[in-house]
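Novice: I'd like to ask some things about the structure below.
Since every read-out is calculated from the coordinates, none of them should be taken as a lab result. No experiment lies behind these values; they were computed from the predicted model shown. Note: ideal-geometry Cβ built from the backbone for every residue, glycine included; neighbour counts use all protein chains shown.
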Amino acid sequence: MCPMWVGTSWKMSKGLAEARRYVRGLADHLDGLAPAGVQPFVIPSFTALAAVNDELGADSPVLLGAQNAHWEDQGAWTGEVSVAQAKDAGAQLVEIGHSERREHFGETVQTTRLKVAATLTHELVPLLCIGESAEVKQAGGSSRFILEQAAGALDGLDPEQLARVVIAYEPIWAIGETGRPATTQELREPFRDLGREYGRRVRGLLYGGSVNLDNAADLLGIDHVTGLFVGRAAWQLAGFLSLLEIAAAHPKATG
Ligand code: 13P
């Protein structure tokens, strides 16, 4: 039985002191053991990666992630951080292709493919984010769009490599302050289609976008969903701990 993945990206928030406080509290609470059936992960800013790794300690059940990484190991890429460097700082997972990076920083299907490949080469977990805009959804093209994003990024992987990938479906219209929470009804079809294509072949199929304590259990109940990728609702430790509890109590985790 695969675990429910529940994690948070802090995006561009938290200085070192706050990052350390959050993770120290998390490590104290978990005391070396994730809730049964749940795989927690935390994705801080690069500046806090090593400090968070330090606080979590060597055998932490919490996976540590980077919010992005360059596909080359080193070189003249000013301002970039390589997968190798992120791994050196403690990352076990690399977030790839978040819509904010696609929209503001020129992330393309080609660069997501290079990053997935580099992440696998370094034996970290690629967390590939896909999601369509409100316009694409309105035109009825959600499934086709996200399947194309996924296929482009995962092109050329063999089954063993694909089995190490986690996909997070995060519709752009549902993310952040300006987003509106998706209903479970409107997520059924995209997850049915993602599930058909990737359900048995990848390590996890997560949902993200305005996840909160009120909708988390229902979202986890959608067919093929095996976890949640959370922003704002998990930026305070209490929120993250509550979400871990909700996942642990869910029939998919206990069953
Ligand atoms: P919110 O949960 O704040 O909508 O953000 C989701 C997200 O983008 C996680 O990567």
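Novice: Mind checking which pairs have a first residue in segment 203-230 that is without any contact (Cβ under 8 Å) to a residue 40 or more places away in the chain and within 25 Å of Gln161 (Cα to Cα) and a second that is β-branched (Val, Ile, Thr) and more than 10 Å from the ligand (Cβ to nearest atom), Cβ under 6 Å, 6 or more apart or different chains?
Specialist: Every condition considered, the pairs that remain are Leu205/Ile167; Leu205/Thr226; Tyr207/Val225.
Novice: Would you be able to tell me the number of residues in segment 183-205 that are of a type in the set (Gly, Ala, Ser) and either at positive phi or within 16 Å of the ligand (Cβ to nearest atom) (or both)?
Specialist: Count: 1.
Novice: Give segment 1-21 a look and list any residue that's touching a residue at least 60 places away in the same chain (Cβ under 8 Å), among the small types (Gly, Ala, Ser) and crowded, with 18+ Cβ neighbours inside 10 Å, or say none.
Specialist: Gly7, Ser9
Novice: Next up: Considering segment 22-33 alone, what residues qualify as being surrounded by 14 or more Cβ atoms within 10 Å (Cβ to Cβ) and out of contact with any Leu (no Cβ under 8 Å at 6 or more places or on another chain)? Please lay out each step first, then the result.
Specialist: Restricting attention to segment 22-33, the residues satisfying the condition of being surrounded by 14 or more Cβ atoms within 10 Å (Cβ to Cβ) are 22-27, 30.
Selection gives Arg24, Leu30.
Novice: Still on this structure: So Arg232 ticks every box in (1) crowded, with 19+ Cβ neighbours inside 10 Å; (2) more than 18 Å from Glu132 (Cα to Cα); (3) within 14 Å of the chain's Cα centre (by Cα); (4) within 9 Å of the ligand (Cβ to nearest atom) but one. Which box is left unticked?
Specialist: Result: Arg232 fails condition (1) only.
Novice: Right, next: Which condition from (1) in contact with a helix residue (DSSP H, G or I) (Cβ under 6 Å, 6 or more places away or on another chain); (2) over 17 Å from Lys11 (Cα atoms); (3) buried (at least 18 other Cβ atoms within 10 Å of the Cβ) is the one that Leu64 breaks?
Specialist: (2)
Novice: Still on this model: Counting only residues that are touching a strand residue (DSSP E or B) at 6+ places or on another chain (Cβ under 6 Å) and outside any loop (DSSP other than H, G, I, E, B), which one in segment 217-239 is nearest to Asp31 (Cα to Cα)?
Specialist: Ala234
Novice: Report, ordered by the first and then the second residue, all pairs with beta carbons closer than 7 Å, sequence separation of six or more or different chains, a first member in segment 100-111 that is closer than 20 Å to Ala174 by Cβ, and a second member that is of a type in the set (Gly, Ala, Ser).
Specialist: Glu107/Gly97
Novice: If you go through segment 135-182, how many residues are surrounded by fewer than 18 Cβ atoms within 10 Å (Cβ to Cβ), more than 16 Å from the chain's Cα centre (by Cα), more than 16 Å from the ligand (Cβ to nearest atom) and part of a loop (DSSP other than H, G, I, E, B)?
Specialist: Selection size over segment 135-182: 6.
Novice: Identify all residues within segment 235-249 that are farther than 15 Å from Val62 by Cα and either of a type in the set (Asp, Glu) or surrounded by 19 or more Cβ atoms within 10 Å (Cβ to Cβ) (or both); write none if there are none.
Specialist: At the first step, the residues of segment 235-249 found to be farther than 15 Å from Val62 by Cα are 235-236, 238-239, 242, 246, 249.
Listed by number, the list holds a single entry, Ile246.
Novice: Could you grab me the full set of residues in segment 64-99 that are closer than 18 Å to Ala50 by Cβ, within 16 Å of the ligand (Cβ to nearest atom) and assigned to a strand (DSSP E or B)?
Specialist: Leu64, Gly65, Ala66, Leu93, Val94, Glu95
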